[in-house]
1. If you check Thr33 against the conditions, is it hydroxyl-bearing (Ser, Thr, Tyr) and over 12 Å from the mean Cα position of the chain (by Cα)?
2. Quick one: which residue in Ala58, Ala89, Ala48 is crowded, with 16+ Cβ neighbours inside 10 Å, out of contact with any helix residue (DSSP H, G or I) (no Cβ under 8 Å at 6 or more places or on another chain), in contact (Cβ under 8 Å) with a residue 12 or more places away in the chain and among the small types (Gly, Ala, Ser)?
3. With the structure loaded, tell me whether Asn15 is of a type in the set (S, T, N, Q) and touching a Gly at 6+ places or on another chain (Cβ under 9 Å) or whether it fails that test.
4. Taking segment 9-45 as the search range and keeping residues that are loosely packed, with under 14 Cβ neighbours inside 10 Å and among the charged types (D, E, K, R), which one is farthest from Ser112 (Cα to Cα)?
5. Between a first residue in segment 22-38 that is in contact (Cβ under 8 Å) with a residue 40 or more places away in the chain and a second residue that is of a type outside the set (D, E, K, R) and part of a strand (DSSP E or B), which pairs have beta carbons less than 6 Å apart while being 6 or more apart in sequence or on different chains?
6. Criterion first (at pLDDT 95 or above and under 24 Å from Trp104 (Cβ atoms)) does Leu41 satisfy it?
Amino acid sequence: MVENNAIHERGYVYNFHYHLVWVTKYRQEVFTTPTLVAEMLEILITTARDNEITIDQAEVMSDYVHLLLSFKPKYAPANVVKILKGASARTWFVAHPETKKRLWNGHLWSPSYYMGTLGDMSKETVTNYIQNQRTERGKAGRPSKKAN
């Protein structure tokens, strides 16, 4: 079964999203005005677009970022995080070099992050589906033959 929100690529179909959160180094409040928030948001959107990452929702707060995103299965989640954090920091420091002085060691982002997956179905739904394959569908996921 293919969900309506699934993305079709040559040779595969996928439908998954990640919730990604990370903070500024030392939780310094860097994005303190609507203009600074808008600038970081635009940097993240541009970086994502250039790297085949889809941002469905985004929020830039004074000292952290929340993203709901999706990307092709060929990309490792940890690499996507590196791309977003690394490119956004480099771009930010070009536009706002004064920020480096406020952050010891000149890093914009903390090295840590949170990433969780979400989908259209709960873990319980998928577990039940897998556990009931043989009883509902017969062997190997094929419909069972009914005796005449």
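The values are calculated or read from the model by the stated rules, or taken from the named source; none is laboratory data. Computed from a predicted model, the values in this text were never measured in an experiment. Virtual Cβ from ideal backbone geometry, glycine too; neighbours counted across all protein chains shown.
1. Numbers: hydroxyl-bearing (Ser, Thr, Tyr): yes; over 12 Å from the mean Cα position of the chain (by Cα): yes.
Answer is yes for this residue.
2. Ala89
3. On the way: of a type in the set (S, T, N, Q): yes; touching a Gly at 6+ places or on another chain (Cβ under 9 Å): yes.
Yes.
4. Filtering segment 9-45 for residues that are loosely packed, with under 14 Cβ neighbours inside 10 Å and among the charged types (D, E, K, R), the one farthest from Ser112 (Cα to Cα) comes out as Arg10.
5. Once the first residue is in contact (Cβ under 8 Å) with a residue 40 or more places away in the chain and sits in segment 22-38, its partners that are of a type outside the set (D, E, K, R) and part of a strand (DSSP E or B) give Trp22/Val65; Trp22/Trp109; Val23/Tyr64; Val30/Thr24.
6. Numbers: at pLDDT 95 or above: yes; under 24 Å from Trp104 (Cβ atoms): no.
It is false that Leu41 is at pLDDT 95 or above and under 24 Å from Trp104 (Cβ atoms).
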